[in-house]
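S.K.: Dropping a structure here in structure tokens format, bear with me for questions.
Derivation of every value follows stated rules applied to the coordinates shown; laboratory data play no part. If you're wondering where the values come from, they're calculated on a predicted model, not measured in any experiment. Cβ sites come from the backbone with ideal geometry, for glycine too, and all protein chains shown count toward neighbours.
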Amino acid sequence: MMRPTFFSDRRYQSGLFIKRERLIRAVEEKRFHHMDMSRPTAEILVEGELSPFEHEALYKLVKKHFQLEQPSYSELLDGTIGTRVNITFHHPYERSFFTNVFQEDWRDLKELFKQIRYRRGRLGAAFTLTFADEKIRLVFSSGLLGEEELGSAMDQIGHLTGIVGHMMRPETMAEPLGQVETSYDRKSDRWQGFRGVGLNDRREYVFDESLYRWKTG
């Protein structure tokens, strides 16, 4: 099942994403003023629960590379899953994030996500990874995935920087985008459905792969 995105026509689904974004931004704003800015910052927001082991493992793994406070928790907004882990990295989505910042620990994060998913049984777990810099927020949001699907989704995030970089070139846009979201499609085994919101006009845009341009949705 592919999780609905912020741009779904159904108000309930849109409301879930809006509420989650507000929660994540509130956590970011609260912590921004307390961080040592010598390293990039990150925030973790868990919708639902993690075990003490999962909490500590996730915290220690991310803190190795980022300024980070303890994960925050909120009520689970989506009743179709057991837990959703939201991580916001205040770093551009580019190759150096994986080669110079996270390095081999990206694989460990993938394995930890698999464990969290497995321990939730039938309900499973979903994950939202956001890369935020001064220009744009890029959001990778998964629905319920099997173990192999989750591994593939995480691997692809680590290898899509070049393609996404080309997609985000100014000549592909009629309007600069402030936020872009994509979801993982289980059937095609790829991140697709890239949608964005204009930075100034607040209009919704969708990336047309045939034209290789952003157009109004």
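S.K.: Restricting attention to strands (runs of 3 or more DSSP E) lying wholly within the stretch 157-217, give those where 2 or more residues are closer than 25 Å to SER96 by Cα and of a type outside the set (A, V, I, L, M, F, W, C).
M.R.: Answer list for the stretch 157-217: 177-185, 190-198.
S.K.: Being of a type in the set (Val, Ile, Thr), in contact with a strand residue (DSSP E or B) (Cβ under 6 Å, 6 or more places away or on another chain) and touching a residue at least 60 places away in the same chain (Cβ under 8 Å): is that true of THR88 here?
M.R.: yes
S.K.: Okay, next question. Listed residues GLY146, GLY165; which is of a type outside the set (A, V, I, L, M, F, W, C) and over 27 Å from GLY79 (Cα atoms)?
M.R.: Step by step, each of GLY146, GLY165 is checked, and only GLY165 is of a type outside the set (A, V, I, L, M, F, W, C) and over 27 Å from GLY79 (Cα atoms).
S.K.: A follow-up question, please. Is at least one residue of the stretch 132-150 in contact (Cβ under 8 Å) with a residue 60 or more places away in the chain, in contact with an Asp or Glu (Cβ under 9 Å, 6 or more places away or on another chain) and at positive phi?
M.R.: No, that holds for no residue.
S.K.: Among the listed residues GLU94, GLU69, which satisfies the condition of being within 26 Å of MET167 (Cβ to Cβ) and surrounded by 14 or more Cβ atoms within 10 Å (Cβ to Cβ)?
M.R.: That would be GLU94, the only listed residue that is within 26 Å of MET167 (Cβ to Cβ) and surrounded by 14 or more Cβ atoms within 10 Å (Cβ to Cβ).
S.K.: Another question, if that's okay. Which members of the stretch 108-117 meet the condition of being free of Cβ contacts under 8 Å to residues at least 60 places away in the same chain, surrounded by fewer than 23 Cβ atoms within 10 Å (Cβ to Cβ) and not basic (Lys, Arg)?
M.R.: ASP108, LEU109, GLU111, LEU112
S.K.: Could you tell me which residue of the stretch 41-57 is surrounded by the fewest Cβ atoms within 10 Å (Cβ to Cβ), considering only residues that are more than 18 Å from SER141 (Cα to Cα) and hydrophobic (A, V, I, L, M, F, W, C)?
M.R.: Per the stated criteria, the residue is PHE53.
S.K.: Spot the failing condition for ASN200; the list is (1) over 16 Å from the mean Cα position of the chain (by Cα); (2) of a type in the set (S, T, N, Q); (3) within 29 Å of GLY48 (Cα to Cα), and only one is missed.
M.R.: All conditions are met except number (3).
S.K.: Let me ask you something else. Could you list, in sequence order, all residues of the stretch 173-217 that are out of contact with any strand residue (DSSP E or B) (no Cβ under 9 Å at 6 or more places or on another chain) and either surrounded by fewer than 12 Cβ atoms within 10 Å (Cβ to Cβ) or hydrophobic (A, V, I, L, M, F, W, C) (or both)?
M.R.: LYS187, SER188, SER210, LEU211 - these are the residues of the stretch 173-217 that are out of contact with any strand residue (DSSP E or B) (no Cβ under 9 Å at 6 or more places or on another chain) and either surrounded by fewer than 12 Cβ atoms within 10 Å (Cβ to Cβ) or hydrophobic (A, V, I, L, M, F, W, C) (or both).
S.K.: Right, another one. ARG120 is checked against (1) charged (D, E, K, R); (2) touching a residue at least 60 places away in the same chain (Cβ under 8 Å); (3) more than 29 Å from VAL197 (Cβ to Cβ) and fails just one. What number does that condition carry?
M.R.: Evaluating ARG120 over (1) charged (D, E, K, R); (2) touching a residue at least 60 places away in the same chain (Cβ under 8 Å); (3) more than 29 Å from VAL197 (Cβ to Cβ) leaves (2) as the failure.
S.K.: Quick check on my filter: what residues within the stretch 66-102 are more than 14 Å from the chain's Cα centre (by Cα), closer than 24 Å to ASP155 by Cβ and in a strand (DSSP E or B)?
M.R.: The one that is more than 14 Å from the chain's Cα centre (by Cα), closer than 24 Å to ASP155 by Cβ and in a strand (DSSP E or B): THR83.
S.K.: Now for a separate question. Search the stretch 125-135 for residues being buried (at least 22 other Cβ atoms within 10 Å of the Cβ) and either in contact with a helix residue (DSSP H, G or I) (Cβ under 6 Å, 6 or more places away or on another chain) or not polar (S, T, N, Q) (or both), and hand back the single one that is nearest to LEU199 (Cα to Cα).
M.R.: Out of the qualifying residues, it is ALA132.
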